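Inspection log for the structure reproduced underneath, given as C-alpha cells.
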Amino acid sequence: MALLIDGKEISKQIKDELKQKAADLKSKGVEVTLAVIQVGDDPASSVYVRNKKKGCEYIGIGSLSYELSGETTQEELLALIGELNRRKDVNGILVQLPLPGHIDEDTVIRAIDPAKDVDGFHPQSVGALCIGQPGFVSCTPAGIIQLLKRSGIEIEGKECVILGRSNIVGKPMSLLMLRENATVTIAHSRTKNLREVTGRADILIAAVGKPKMITRDYVKEGAVVIDVGINRDENNKLCGDVDFEDVEPVCSAITPVPGGVGPMTIAMLLNNCIESAGF
C-alpha cells in the first residue's frame, strides 16, 4: 500500500508555522502585505485569487486586491505595478496568470521589483536559483520539496525524472532537486523512449498537463510519484497527469489530485510573503 502524501495536512502545518512567524513580525512592528492583481474574470483565476486572500487572512497578513477589467491596457497594468513597487507598505506583488492576449506576460513579470516577486518568476529570481543565491523560489516546485521532506522521503542520491520543462514547474523543479543532491533528468514531449527514461526514476514528478497520461508502465516498482497536473477527465472530474488507480499499487508514495501538490502552492506563496519582509 503506497503512502498517500497529504498536501492538505502538510500545507496546514506550514501555514500554522507562518501564522506564528507573522505574529512575531507584528510584535516587532512589521506588517506584511501582499498585493494581488487580476486582469479579467477567468473563473479559475478568480478561485486562485480568492484562495490566496483566504490564506493571507489565515496566517494574519494583509492583502490588497486589484480586480481589473479584461480591457485594461498593458500600460495601465504596468503603471499599477510601478506604484506598488514604490509603496513601502507592500511587501509582495502577485499578478495572476494567465493575462488577456493583448498583454505581454514577460514584460509584466519583469516589471515587478525582484524584492517583491513572491511568485519567483522574475528573471533575477530564476537566475539566483540557478547559481544558488538567495531569492524567491517558484511556489509549486518549492512546495514539492516540502512535501517530500515532510513525508520523510530522502532526496539525496536519488534518481529524479521530471516530466515537463515549463518555466513555472519543470525547470525550477530540476534546480531545486539538484540543490538537494538528486540526480536529475528532465523529460518532455520530444524525449525518445519515454517509458524507459521515467522507469529509471526513484522520484517521478509529472507536470505535462495531460489527463492520466502516466500509467504503471511508466513507473518503477517502489518509486515516489508526484502529480502536478490539474485536469478534467471525460466525466469532468478533477484528475492529474497520473492515472492514480493504475499507478498507486506499484509505487511507494504518491500525491492525490486534488489534495496533493495544489494546497502547497499557496502555502509556499505565503511563505514567500513572510520572507519578503526581510528582503
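Per the conditions (1) in a helix (DSSP H, G or I); (2) of a type in the set (A, V, I, L, M, F, W, C); (3) at pLDDT below 95, the sole criterion not satisfied by PHE279 is (1). Yes or no: the range 21-33 includes at least one residue that is assigned to a helix (DSSP H, G or I), under 18 Å from ILE266 (Cα atoms) and outside the structural domain of GLY222 (by TED's automatic domain parsing). Yes, the conditions are met somewhere in the range 21-33. In the range 204-229, of all residues being part of a loop (DSSP other than H, G, I, E, B) and among the basic types (Lys, Arg), the one that is farthest from the chain's Cα centre (by Cα) corresponds to LYS220. For the range 83-135, a residue qualifies if it is within 17 Å of the chain's Cα centre (by Cα) and in a loop (DSSP other than H, G, I, E, B), and the qualifying residues are GLN96, LEU97, PRO98, ASP117, VAL118, ASP119, GLY120, PHE121, HIS122, GLY135. Does the range 164-185 hold any residues that are touching a Leu at 6+ places or on another chain (Cβ under 8 Å) and among the hydrophobic types (A, V, I, L, M, F, W, C), and which are they? Of everything in the range 164-185, those that are touching a Leu at 6+ places or on another chain (Cβ under 8 Å) and among the hydrophobic types (A, V, I, L, M, F, W, C) turn out to be LEU175, LEU176, VAL184. Tallying residues that are crowded, with 19+ Cβ neighbours inside 10 Å and either at positive phi or part of a loop (DSSP other than H, G, I, E, B) (or both) within the range 181-203 yields 3.
Determine which member of the set ALA22, ALA2, ALA44, ALA35 is in contact with an Asp or Glu (Cβ under 6 Å, 6 or more places away or on another chain) and either at negative phi or without any contact (Cβ under 8 Å) to a residue 40 or more places away in the chain (or both). Reasoning before the result, please.
On the way: ALA22 fails: in contact with an Asp or Glu (Cβ under 6 Å, 6 or more places away or on another chain); ALA44 fails: in contact with an Asp or Glu (Cβ under 6 Å, 6 or more places away or on another chain); ALA35 fails: in contact with an Asp or Glu (Cβ under 6 Å, 6 or more places away or on another chain).
Sole residue among the options that is in contact with an Asp or Glu (Cβ under 6 Å, 6 or more places away or on another chain) and either at negative phi or without any contact (Cβ under 8 Å) to a residue 40 or more places away in the chain (or both): ALA2.
The values are calculated or read from the model by the stated rules, or taken from the named source; none is laboratory data. These numbers were taken from a predicted model, which means no experiment stands behind them. So basically every Cβ, Gly included, is an ideal-geometry build from the backbone, and we count neighbours across all protein chains shown.
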